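Only the coordinates and a few stated rules stand behind these numbers; no lab work does. Fair warning: this is a prediction, and the values are worked out from it, not measured in the lab. Using ideal geometry, Cβ is built from the backbone for each residue, glycine included, and neighbour counts are taken over all protein chains shown.
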Amino acid sequence: MGKGSEIKLIGTPPSPYVNRVQIVLNLKSIDYEFVEENLACKSELLLTSNPVYKKVPVLIHANNPPIPESLIIIEYLDEIYSDVHPILPSGPLARADNRFWANYMDTKFFPLFEELRKTPGKEGKKAIMKQIIEGSQLLEEAFVKFSDGKPYFGGDDVGYLDVVLGCFLGWTKFVEKHNEFKIFDEARTPKLLEWTNRIWSHEALKDVIPESETLMNFYMILMKYRP
Amino acid sequence: MFKKSVNKGMEKVKLFATWSSPFVKRIIWALKLKNIEHEIIYEDLANKSPELLKYNPIHKKVPVLVHNEIPICESLVILEYIDETWKDAPRPLLPKDPLDKANQRFWAKFSDDQVLPSFYGYIMKQGNEKEEAKETTLAHLKRVEQLLSEKKFLSGESVGFLDLVFGWLAENSRPLEVVTGLKLFDEDSFPNLCAWRDKFLEVPAIKESWPDQETLIAKYQEINLSKGK
């Protein structure tokens with residue numbers, strides 16, 4: 001807690017994967033230095049810190065070798081700052097369940113958003129929106145199971161899956177508006193909809209998730225450089 | 001504190017598997033290294049059992065570990081579950097140090113997201129795509145070669161998590177070479193990788209699991225992989 005800038009986070013504000021790490025740092029009250037990266041012109045620091053993927057986020061803790069990959073960073077932070085606001089539960093089965101759903105979100109659910117952006121034509125986009133909606137219903141079931149009547153995936157307070165999914169809410173709102181459809185709605189995903197409103201205003205997230213304007217600018221850059 | 005019994009008929013462990021899945025084998029090796037009694041149920045993926053579909057409704061894939069009727073899916077998740085549940089029996093798969101752990105998790109993801117797809121791409125694709133896949137795989141293998149410098153195993157002094165994750169490479173490279181004639185790495189360019197492969201395959205838990213090298217060659221020949229040349 002407040003170990004100065006012993007922690008450096010290399011990232012860009014619109015990246016939900018970077019936001020994830022920021023949220024965890026906030027939850028654990030860890031001071032850190034945010035090193036903003038220009039993805040159009042990557043710094044020497046980023047290229048040497050993540051030579052394999054050259055991506056953000058990357059965490060550098062004191063003089064230790066850098067750690068890339070948001071989920072790996074989160075588990076690392078949870079292990080070294082284990083006494084403040086644990087992110088993952090302690091039991092092996094609960095941990096496995098959490099890790100399974102984070103994997104589902106990162107390998108099945110979120111890639112649909114990039115696919116939606118890249119797919120031309122109404123019919124194509126409609127098919128992907130259908131898949132996103134199906135995914136959201138799986139997430140609704142998962143939320144009901146994990147929360148067990150409490151406000152968050154983590155129970156009484158924000159936990160691993162709240163962070164892993166919550167970091168995307170800026171983008172889900174943006175995509176809903178841009179494509180004129182509802183990902184989370186009262187009829188299909190009532191509990192998750194309530195959760196999105198709750199977590200949107202949580203202390204640890206509200207100053208981290210970017211405004212729509214920032215996301216719109218980033219979206220335009222993506223459309224230009226990665227059509 | 002009570003001593004957790006490693007399977008004295010109290011804990012039931014089942015593994016849904018196929019002989020060919022690189023993701024399944026790593027679980028079998030982990031169970032053997034930890035001396036965990038288990039039952040293996042081999043699936044026909046063209047005709048999945050109702051049990052598999054019940055235990056893994058989202059992905060409908062193997063491996064699925066079922067521990068006392070509770071399913072755990074996704075091989076890397078399963079490996080960490082095994083390590084956390086059967087903690088020191090006989091020793092941990094992952095290191096204790098959080099930084100070392102993070103490092104192993106990073107390279108585990110690299111195996112599955114990068115090396116494995118490009119390796120099998122090289123085996124299965126044709127023409128230009130084959131050439132590209134070959135170049136990509138060689139670049140990836142150079143990184144793995146570097147990981148092994150001054151180390152006996154990927155996990156350090158003894159076989160561990162990262163070796164199990166990359167084990168598919170040790171196990172399948174020679175049989176696939178024999179069947180398809182495609183040789184990706186040799187002793188001159190990849191001395192560490194070749195030495196690691198030999199050491200890994202000699203570890204008793206690895207050596208004693210089915211299918212062995214000869215059986216793999218026979219099975220790959222059966223499915224006529226040689227036409228991937």
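Other protein chain C-beta atoms within 10 Å of residue C-beta, averaged over A:83-92: 1. What is chain A by shape, rounded, prolate or oblate, if you read a ≥ b ≥ c off the alpha carbon gyration tensor as root eigenvalues and call it rounded for a/c under 1.5, prolate for a/b larger than b/c, and oblate otherwise? Oblate.
The phi-based Karplus calculation (6.51 cos²θ - 1.76 cosθ + 1.60; θ = phi - 60°) puts the 3J(HN,Hα) values of segment B:34-39 at 8, 6, 9, 5, 8, 10 Hz, whole numbers, x for Gly and Pro. Packing here is the average count of other Cβ atoms within 10 Å per residue, and on that basis the peptides A:67-77, B:42-52, highest first, run A:67-77, B:42-52. Helices assigned as whole DSSP H runs in chain B whose Cα atoms extend at least 24 Å along their own long axis and whose mean Kyte-Doolittle hydropathy is 0.0 or higher are found at B:161-180.
Note on the protein assembly as shown: Rg/Rh from Cα positions, Kirkwood definition for Rh, rounded to two decimals, is 0.96.
Summary value for chain A: 20 percent relative contact order, contacts being C-alpha pairs under 8 angstrom separated by 6+ residues. Applied to segment A:192-207, the Karplus parametrisation 6.51 cos²θ - 1.76 cosθ + 1.60 on θ = phi - 60° returns per-residue 3J(HN,Hα) values of 5, 4, 4, 4, 4, 5, 5, 7, 4, 9, 5, 2, 6, 9, 5, 8 Hz, with x for Gly and Pro.
All other residues whose Cβ lies under 12 angstrom from that of A:P227 are scored, Lys and Arg at +1 and Asp and Glu at -1, for a net of +3. Looking at the P(r) of segment B:173-229, how many percent of alpha-carbon pairs lie beyond 16 Å? The calculated P(r) of segment B:173-229 puts 51 percent of pairs beyond 16 Å.
Farthest towards the positive end of the charge dipole of segment B:1-151, among the residues B:L53, B:L141, B:Y122, is the Cα of B:L53, using unit charges on the Cβ of Lys, Arg, Asp and Glu. At the listed q of 0.16, 0.17 Å⁻¹, the Debye profile of segment A:1-102, built from one uniform point per Cα, gives log10 I(q)/I(0) equal to -0.69, -0.77. By the helix-only formula, in which each DSSP H run with n ≥ 4 contributes -39500 (n - 2.57) and the sum is divided by residues, chain A has a 222 nm mean residue ellipticity of -16500 deg cm²/dmol. Specify the residue with the greatest mean-square fluctuation among B:I70, B:I27, B:I36, computed from a Gaussian network of chain B linking alpha-carbon atoms under 10 Å apart. Ranking B:I70, B:I27, B:I36 by mean-square fluctuation puts B:I70 first. For B:V64, the residues whose amide H sits under 5 Å from its own are B:F16, ignoring neighbours fewer than 5 places away on the same chain, with H placed 1.01 Å from N. In order along segment B:150-158, phi translates into HN-Hα couplings of 6, 10, 6, 10, 4, 8, x, 5, 10 Hz, rounded to whole numbers, per the Karplus curve 6.51 cos²θ - 1.76 cosθ + 1.60 with θ = phi - 60° and x for Gly and Pro. In terms of packing, defined here as the mean over residues of other Cβ atoms within 10 angstrom, the peptides B:116-127, A:112-123 line up highest first as B:116-127, A:112-123.
Could you compute the net charge surrounding A:V18? Neighbours are other residues with a C-beta less than 11 Å from the C-beta of A:V18; K and R count +1, D and E count -1. Charge balance near A:V18 sits at 0.
Directionally averaged projected area (segment B:105-202, Cα convex hull): 5.9 nm².
The residues neighbouring A:L39, those whose beta-carbon lies less than 14 Å from its own, together hold a net charge of +3 under the Lys/Arg +1, Asp/Glu -1 convention. Annotation: amide H of B:I40 within the under-5 Å range of B:L15, sequence separation 5 or more or interchain, hydrogens built in the peptide plane.
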